[in-house]
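The values are calculated or read from the model by the stated rules, or taken from the named source; none is laboratory data. Keep in mind it's a predicted model, so treat the numbers as computed, not measured. Every residue, glycine as well, gets a Cβ built from its backbone with ideal geometry; the counts of neighbours run over all protein chains shown.
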Amino acid sequence: MNQIFGEFDDALQPNQEYLILGFSPSAKSIRQRWRNNGLSANFLADYMVTFFPADERDPKTLSRRTEMQDAVRYIANELLENAMKFHDEASRQPITIKLQLHPDCLVFWVTNSVRSEAIAPFQRFIQDILAAQPLERYLQQLEQNALNDEHTASGIGLLTMMVDYGAIVGWKFTQLEQTPPVMTVTTRVQVPI
């Protein structure tokens with residue numbers, strides 16, 4: 001059974017240019033890899049920027065290339081941090097991040113398992129984000145965070161993607177048929193280029 005929230009278009013045609021990284025739970029603990037998220041995000045950004053040639057004599061192309069590299073770095077890091085933070089370590093499912101280059105957009109796909117007790121609150125949070133204007137919700141969340149130092153799941157990263165990068169975000173929850181049952185969530189983020 002799949003549940004879709006937001007704009008989750010998995011019919012977007014596959015493309016020749018993509019990169020997938022996977023993190024296996026059988027190796028080092030996923031949480032112990034937290035510090036590696038930045039390295040992985042940098043790798044994805046450095047890889048993808050090779051598809052945005054820059055002319056040293058044209059400051060616009062240099063600027064655009066840097067903007068795309070920064071966007072990939074930020075979005076990949078945020079998505080990996082969220083996936084690792086909320087991953088169900090009891091499951092043996094890997095965390096994967098896929099980055100696709102299309103003529104008019106970049107698409108990130110991040111899949112991780114999620115603890116059963118975290119599903120309903122996460123879905124309420126998603127509905128809350130989708131019901132509001134991104135900038136308005138972003139400002140509200142900044143105020144909430146200023147009042148509550150202990151709030152660790154603020155959603156600021158997702159809201160920043162939407163506000164600063166024009167990201168279109170969607171989620172797909174999938175119940176895997178295995179024993180014990182495992183729920184995965186795929187977060188899809190599309191950014192115009």
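Annotations for the structure displayed:
- When Thr179 is tested against (1) exposed (fewer than 12 other Cβ atoms within 10 Å of the Cβ); (2) under 20 Å from Ile75 (Cα atoms); (3) of a type in the set (Ser, Thr, Tyr), only condition (2) is not met.
- Being over 18 Å from the mean Cα position of the chain (by Cα), at pLDDT 90 or above and not in a loop (DSSP other than H, G, I, E, B) is a property that Leu135 has.
- Subset of segment 141-176 (residues that are part of a loop (DSSP other than H, G, I, E, B) and closer than 19 Å to Leu79 by Cα): His151, Thr152, Ala153, Ser154, Gly155, Gly166, Ala167
- Filter pass, Arg137 being surrounded by fewer than 16 Cβ atoms within 10 Å (Cβ to Cβ), of a type in the set (Lys, Arg) and out of contact with any Ser or Thr (no Cβ under 9 Å at 6 or more places or on another chain): no
- Lys85 vs. criteria modelled with pLDDT of 95 or more and of a type in the set (D, E, K, R): no
- Conditions (1) touching a residue at least 24 places away in the same chain (Cβ under 8 Å); (2) surrounded by fewer than 16 Cβ atoms within 10 Å (Cβ to Cβ); (3) in a helix (DSSP H, G or I); (4) not small (Gly, Ala, Ser); number of the one not met by Arg92: (3)
- Only listed residue being under 24 Å from Phe43 (Cβ atoms) and at pLDDT 95 or above, chosen from Trp109, Trp171: Trp109
- All positions within segment 46-78 that are surrounded by 19 or more Cβ atoms within 10 Å (Cβ to Cβ) and more than 14 Å from Leu106 (Cα to Cα): Asn77, Glu78
- Some residue of segment 146-157 being in contact with a strand residue (DSSP E or B) (Cβ under 9 Å, 6 or more places away or on another chain), surrounded by fewer than 19 Cβ atoms within 10 Å (Cβ to Cβ) and small (Gly, Ala, Ser): no
- Selected residue [at pLDDT 85 or above, under 30 Å from Met183 (Cβ atoms) and in a helix (DSSP H, G or I)] from Arg64, Arg73, Arg31: Arg73
- Segment 46-61: number of residues that are at pLDDT below 90, over 20 Å from Asp164 (Cα atoms) and in a helix (DSSP H, G or I): 1
- Residue in segment 5-28 that is exposed (fewer than 15 other Cβ atoms within 10 Å of the Cβ), modelled with pLDDT under 85, charged (D, E, K, R) and touching a helix residue (DSSP H, G or I) at 6+ places or on another chain (Cβ under 7 Å) present: no
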